[in-house]
């Protein structure tokens, strides 16, 4: 072993420069911190103002990098964001949580590469915001039908940005949040000539402030003076995690029927107003009521006791091998009637993609059981005095599915959901924030009925008017406004999203072309 010389052992001379932290480590740290700050914007914390700050840190980490380095630094920031944001996947298994976060982070790596290209252009904050919309659009399509969770818009359930949903839906909300963050980053990275520096920086700062302020003044349709009384039932279920049902059959059904009988007693005692309709959650009966005389009798008894139609969430058999996740209107006189079959199915929850492969790889794939069959019609169901728009759980994350339901005449919207496997994780509050955004986006009240929570009522302004706790039984009768006027977002659909996508793609092409010429 070599011996140290006296010069090696001597302390650094006074005034000598201290060792510097490599710039790549600073950028990596900024990306990771940006991802963590962005996580704080999402429920359950819901610090919405952290979203543009997180985007700004991510943009600063990427500015001026080459493509390869941008890819892995962007990937690191994505993992820092998605691992805690998608922690609700852990009841399925840590391997599923890590795999999902890792796959979704690839989209962020691609976004980082495109972002560093357009950052060489003038007005680059605008192009980066457009590319962020492109990234979220792609995640909503691939793989296996897409996973549009953790979009920037879904951190803005009730914020100055929420109003943009009425103009351009969730994509426009994501765009405005990303634009604000990119403008904040531009304040740091811009180096204009000294003679005009003050004007450039002042203009950038003014734009960053103006974006959320404009969201507060977006015009929205007003009240129409009509309401409907909706009874909401949360029956709760035994157990936790992936095996929440226990061994006793029909316990989930009985819980929801018993809670409905308690509601009927409260109505007769004058403690609650009589509802016009009642809503049970997704999977509120664990026995197919079409094939089980017992299940039919339990639901019939509850419907007759309350005296109004009940929207029952059931998993029903289709043929000998398949099933459907169904919301069926159960009339107290005529029994089961019109129904809606879930159209957006949960991969590995309701069906198994590449079934033979995954059944061979994991025994947990067997938990899916019968493979679900997707419905083909929007969930506009006539119930009592209204046509409700029913959306099943996972579907609330998909723009086109909710819009189809509204355009089919659904008002108010009812989200039937079963989050029993994910109780007390960050999934239920994240899903509630989606309902808040949808309420503003489509000018519709949203009523959420969940097996274990969170059941809630969201007004058309996006504010939560009532909610339950988790892992408790609960019920209430709510006066819910009926709105029929559509927002601009409902009328134009995906047009704003496509405009932003094409702008981002065009800027990328221009950046690549300019790079080749230089």
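At a Förster distance of 25 Å, what's the computed FRET efficiency of residue 206 paired with residue 121, Cβ-Cβ distance as r, to 0.05?
It comes out at approximately 0.75.
Give the order of 398, 81, 49 when sorted by the count of other beta carbons within 10 angstrom, beginning with the fewest.
49, 398, 81
Any chance you could run the full-extension gain for residue 294 through residue 187? It's 0.36 nm times the residue separation minus the Cα-Cα distance, nm to one decimal.
Full-extension gain reported as 31.8 nm.
Mind pulling the angle between the C-alpha long axis of helix 67-85 and the longest principal axis of the chain? Nearest 10 degrees, somewhere in 0 to 90.
It is inclined by approximately 40 degrees.
Cut-off is 10 Å between beta-carbons; in what order do 85, 448 appear when sorted fewest neighbours first?
Final ranking by Cβ density, sparse to dense: 85, 448.
Taking every DSSP beta bridge that has both residues in the chain, what percent is antiparallel when rounded to the nearest 5?
The antiparallel fraction comes to roughly 65 percent.
For residue 29 paired with residue 216, estimate the spin-label separation in nm (one decimal), with each label point 7 Å from Cα along the Cα-to-Cβ line.
It works out to 3.6 nm between the two label points.
Between residue 466 and residue 199, what is the FRET efficiency for a Förster distance of 41 Å, r being their Cβ-Cβ separation, to the nearest 0.05?
Given R0 = 41 Å and the Cβ-Cβ separation, E is 0.25.
For the chain, calculate the relative contact order in percent as a whole number, restricting contacts to Cα pairs under 8 Å that are 6 or more residues apart.
Dividing the mean separation by the residue count of the chain yields 16 percent.
When 288, 94 are ordered from fewest to most other Cβ atoms inside 10 Å of their Cβ, what list results?
Lowest to highest Cβ neighbour count: 94, 288.
Using Cα centres only, tell me the gap between segment 49-119 and segment 429-490 in whole Å.
Taking the Cα centre of each part, segment 49-119 and segment 429-490 sit 30 Å apart.
Please compute the modelled spin-label separation between residue 274 and residue 371, points set 7 Å along Cα→Cβ, answer in nm with one decimal.
So the two model labels end up 4.8 nm from each other.
Please state the relative contact order of segment 227-486 as a whole percent: Cα pairs under 8 Å, 6+ residues apart?
Across segment 227-486, relative contact order equals 22 percent.
What do you get for the angle between helix 293-306 and the principal long axis of the chain? Use alpha-carbon atoms, 0 to 90 degrees, nearest ten.
90
Given the alpha-carbon gyration tensor of segment 386-518, what are the semi-axes of its equivalent ellipsoid in whole angstrom, ordered largest first, with each equal to the square root of 5 times an eigenvalue?
Working through the eigenvalues yields semi-axes of 35, 19, 11 Å.
Projected area of segment 227-486, taken from the Cα convex hull and averaged over every viewing direction, in nm²?
Convex hull of Cα atoms, orientation-averaged projection: 13.1 nm².
I'd like the FRET efficiency for residue 261 and residue 142, computed as 1/(1 + (r/R0)^6) with the beta carbon distance as r and R0 of 51 Å, rounded to 0.05.
Using R0 = 51 Å, I get an efficiency of 0.65.
Does anyone have the angle between helix 251-268 and the longest principal axis of the chain? Alpha-carbon axes, 0 to 90°, nearest 10?
70
Quick one: compute the contact order of segment 437-483, relative version, from alpha carbon pairs under 8 angstrom and 6+ residues apart, as a percent.
34
Between residue 66 and residue 334, what is the label-point separation in nm under the 7 Å Cα-to-beta-carbon projection?
7.1
Quick note: the coordinates plus some simple rules give every number you see, no bench work behind them. As the structure is a prediction and not an experimental result, all values here were calculated from the model. Counting neighbours? That spans all protein chains shown, and the Cβs are built from the backbone with ideal geometry, glycine included.
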